[in-house]
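Everything on this sheet refers to the single structure shown next.
What follows is calculated from the coordinates using simple rules that are stated; it is not laboratory data. These figures come from a predicted structure and were not determined experimentally. All Cβ positions, glycine included, derive from the backbone under ideal geometry; neighbour counts span all protein chains shown.
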Amino acid sequence: MHRRAITRRSSLVGLLLVTAAAACSGGRTSPVAAPAPGTTGSRASRMGIPVVEAFDRAVAQGTRTRTGSPGPRYWQQWTDYRLQAELNPISKRLTGQGALTYHNRSPDTLEEVYVHLLHNLFAPGARHNTDVPWSVEGVELSRVAAQGQALAAGKREGPGYAVDGTIMRIRLPKPLPPGESLALDFSWKLRIPPDGAPRGGQDGEAFFISYWYPQMAVYDDLGGWQIDQYLGNAEFYLGYGNYDVALTLPAGWLVTSTGRLLNPEEVLSAQTRARLDSASHAKGIVRVVTEPDRAAGTSTAAGTGGKLTWRFRADTVRDVSWATSAKYLWDATNAEVGDANGDGSPDTAAVHSFYRPEQRASHWGESARFSRHSVEFFSRYLLPYPYPHMTAVDGPTSCGGMEFPMMTCIGGQWDTLGLYEVTTHEIGHMWFPMMVGSDEKRYAWMDEGLTQFGQSQAIADMFKGYDDEAKNRRAYLSLAEGGTEVELMRHGDRYPTYASYGIASYYKPATVLVALRGVLGRETFNQAFREYAQRWRYKHPSPSDLFNTFESVSGRDLDWFWRTWFYETWKLDQAIDNVTTTGDSLEIVVENRGRAVMPVRLAVTRTDGQVDSLTVPAEAWFDGERKRIVRVAAAPAVKSIDIDPDREFPDVDRSNQIWPR
Ligand SMILES: [Zn+2]
């Protein structure tokens, strides 16, 4: 999901433009002593991170490792979905049937299973912590069956099901042993909520259909069933599966969905198919459906009985969403994604954009170009985009910007930079959490923070010189300075304010990753970031897996870093306390005034233009020491001293980092 940036004008803006002169030690640098081996004994208690018992157990059982790779006995569940739905755009009613095959790949026998009914967020009386449209209605189930046996609701014993909010618990007719599969059948109805619903809904013209079918909850090696309620704020933890979907709509309504369209000959006109075909190898944007084309028989096929059934197939995804409107224009192009299927030759993905003509004022005519850039950028920066298409949809305003596999719903008005930003943010989510399937509820930073960081990289590539990282840093610092910050390692529904959730999930982790890149160096950081994505593609990483991957790739113990930035709300305030000349050397007293521990990077610039670069290692502060003396040669004369000359660390007070002040 995308957040409109919270920004505060800050005196730091000017300083962010300072760039470091080329570093040159010139043989005049006094090495800064690192602590001798063995002197960091108190580190574990002072700078260690909490033991995660579930993780230790997983390591003992061989499902995870201490190097950040999945363990040799790693397992996860899998579900095959066959879903069909018919939507009546007048009544806004959706009627659905689903046949699920749930494969138990765990070593455990399951006597019950859990299913999400996320649409119950809209049931009258539902618990929620975000605004939802007043009293729509929840999911109306007309059939629930397991192992071929129809189940009744509310029975206290024996096979049956019970719905509590957005979670359904199913007690199975017979236990499901390891290695066996379970058939589940559902029939249901629901009403698509009006604008104002988080992450989807309809505004009378455009329908974005999300959370519309019974979806298996995750059962994993760390915590068993993850069945936290969907309350509106914290997002999701979803398992992987394959989907066959059939969607029936009035002819003339364009439909786009997660997955590959299987029957274009049945649902699209010959003209639309021909234009789509040219878009698959076009260099520019192809206008597939324009204003006069929007009619049954011209954009879509004519249909039988006024209806068309669109069939989609999606492989290895964690969800399926779809959108439809009779008003949509359709733009298309393609993106070069590198070798996505491993056959040694470059692949492309289709890029689609669906929007109403009036959204040209919000630059939707550029949407396909923005999407193409984003897909190509992240394919280079992280891993090749593996899915058949990436589609941006103009949806109800309350979509804001929301990610679904191969899809994003974007609502509201945007300027050029804003539309690019929200588009690239949501496309960044195709990597986290769509490909790298973390638990968004408990660790929102694992998808939002990584994506917010990635967004900055994409924006800098698209709009050369635009510093989105500085924007994230200012948002984090504004809350940190106010003292109302809350740590990152907290469930997304347990933040006291929306601002504290936003900072901990988006701006602080994005800022912290920039700082980590500063600590490790760009090359090592990028390598570790990619390695993490590669190792956990289509899997369920926990924070320990991310931490351990960065440590194993960099070859460094970074517990102090995780502790400082993920588990605490310690602030960084590195300062030059004093500078004096003693004989032929200059003594620089460096002070760590905050509780955060980080290396101190010093740039000493001399009147002859030479710059000495020195580092006080982070370990200097582990035992609570506050000051360190750094000695450099006094001649040639020192013109200025600067801490963190590259402006990579989120220091709360830049003014005390420069000498002379
Ligand atoms: Zn997001």
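Excluding same-chain neighbours fewer than eight residues apart, the lysines reachable from Lys307 by a Cα-Cα span under 22 Å are Lys92, Lys189, Lys327.
Look at the dipole of region 412-529 built from charges on Cβ: of Gly428, Gly412, Gly483, the Cα furthest out on the positive end belongs to Gly483. By the count of neighbouring beta-carbon atoms within 10 Å, fewest first, Ser655, Ser280, Ser500, Ser379 end up ordered Ser655, Ser280, Ser500, Ser379.
Would you calculate, for the chain, the mean residue ellipticity at 222 nm contributed by helices, counting each DSSP H stretch of 4 or more residues as -39,500 (n - 2.57) and dividing by all residues, to the nearest 500?
Calculated from helices alone, the mean residue ellipticity at 222 nm is -6000 deg cm²/dmol.
Classify region 81-156 as rounded, prolate or oblate from the Cα gyration tensor: take a ≥ b ≥ c as the square roots of its eigenvalues, call it rounded if a/c is under 1.5, otherwise prolate when a/b beats b/c and oblate if not.
Numbers: a/c = 2.04, a/b = 1.51, b/c = 1.35.
Prolate.
At most 10 other Cβ atoms within 10 Å and a DSSP loop assignment: could you name the chymotrypsin sites (Phe, Trp or Tyr not before Pro) in region 410-504 that fit? Intermediate results must be reported in sequence, preceding the final value.
Numbers: sites: Trp414, Tyr420, Trp431, Tyr443, Trp445, Phe453, Phe463, Tyr466, Tyr476, Tyr498, Tyr501; in loops: Trp414, Tyr443, Phe463, Tyr466.
Within region 410-504, no chymotrypsin sites (Phe, Trp or Tyr not before Pro) qualify (loop, at most 10 other Cβ atoms within 10 Å).
I need the shape label for region 428-470. Rule: rounded when a/c is under 1.5, else prolate if a/b > b/c, else oblate, with a, b, c from the alpha carbon gyration tensor. It comes out oblate by the Cα gyration axes. Across the options Thr79, Ala274, Trp445, the greatest Cα extent toward the positive end of the charge dipole of the chain (unit charges at beta carbon of Lys, Arg, Asp, Glu) belongs to Trp445. The value of relative contact order for region 480-562, using C-alpha pairs under 8 Å at least six residues apart, is 21 percent. Placing +1 on the Cβ of every Lys and Arg and -1 on the Cβ of every Asp and Glu, with no other charges, gives the chain a dipole of roughly 340 debye about its Cα centre. For the chain, what is the relative contact order in percent, using Cα pairs closer than 8 Å and at least 6 residues apart in sequence? With pairs under 8 Å counted, the relative contact order is 15 percent.
In region 161-265, which chymotrypsin sites (Phe, Trp or Tyr not before Pro) are in a loop and have at most 12 other Cβ atoms within 10 Å, using DSSP for the loop call?
Details: sites: Tyr161, Phe186, Trp188, Phe207, Phe208, Tyr211, Trp212, Tyr219, Trp225, Tyr230, Phe236, Tyr237, Tyr240, Tyr243, Trp253; in loops: Tyr211, Trp212, Tyr230, Phe236, Tyr237, Tyr240, Trp253.
In loop regions of region 161-265 (DSSP not H, G, I, E or B), there are no sparsely surrounded chymotrypsin sites (Phe, Trp or Tyr not before Pro).
Please identify every one of the GluC sites (Glu not before Pro) in region 578-654 that sits in a loop by DSSP and has no more than 13 other beta carbons within 10 Å of its own beta carbon.
Working: sites: Glu587, Glu591, Glu619, Glu625, Glu648; in loops: Glu625, Glu648.
Within region 578-654, the qualifying GluC sites (Glu not before Pro) (loop, at most 13 other Cβ atoms within 10 Å) are Glu625.
How large is Rg over Rh for region 553-641, taking Rg from the Cα atoms and Rh as the Kirkwood inverse mean of 1/r across Cα pairs?
Working: Rg = 15.0 Å, Rh = 14.3 Å.
Looking at region 553-641, the ratio lands at 1.05.
Indicate the gyration tensor shape class of region 389-548 (rounded, prolate or oblate), computed on the Cα atoms with a ≥ b ≥ c the square roots of the eigenvalues: a/c under 1.5 is rounded; otherwise a/b larger than b/c is prolate and the rest oblate. Numbers along the way, then the final one.
Values: a/c = 1.22, a/b = 1.11, b/c = 1.10.
Taking the square roots of the gyration eigenvalues as a ≥ b ≥ c, region 389-548 is rounded.
Using θ = phi - 60° in the Karplus curve 6.51 cos²θ - 1.76 cosθ + 1.60, the 3J(HN,Hα) couplings for region 171-183 round to 8, 6, x, 9, x, 9, x, x, x, 9, 10, 10, 9 Hz; x is entered for Gly and Pro. Taking the centroid of alpha carbons for each part, region 596-623 and region 348-376 are 45 Å apart.
Proximity of backbone amide H atoms, modeled 1.01 Å from N, is registered between Tyr538 and Val436, Gly437 at under 5 Å, excluding neighbours fewer than 5 places apart on the same chain.
Here the simple spin-label model places points 7 Å from the Cα toward Cβ, and for Asp195 and Arg143 these points are separated by 3.8 nm. Please report the relative contact order for region 266-408, taking Cα pairs under 8 Å with a sequence separation of at least 6, and give it as a percent rounded to a whole number. Relative CO of region 266-408 lands at 23 percent.
Basic side chains Lys and Arg get +1 at the Cβ, acidic Asp and Glu get -1 at the Cβ, and with that the dipole of region 185-233 about its Cα centre reaches some 200 debye. Label positions at Asp557 and Lys464, each projected 7 Å from the Cα along the C-beta direction, are separated by 4.5 nm. Phi angles of region 564-574 translate, via the Karplus equation with coefficients 6.51, -1.76, 1.60 and θ = phi - 60°, into HN-Hα couplings of 4, 9, 9, 9, 10, 10, 5, 9, 9, 9, 8 Hz per residue; Gly and Pro are given as x. Here each label is just a point 7 Å from Cα along the line to Cβ, and for Asp343 and Thr416 those points are 3.9 nm apart. When peptides 194-205, 603-614, 389-400 are ranked by their average number of other Cβ atoms within 10 Å per residue, the highest-first order is 389-400, 194-205, 603-614.
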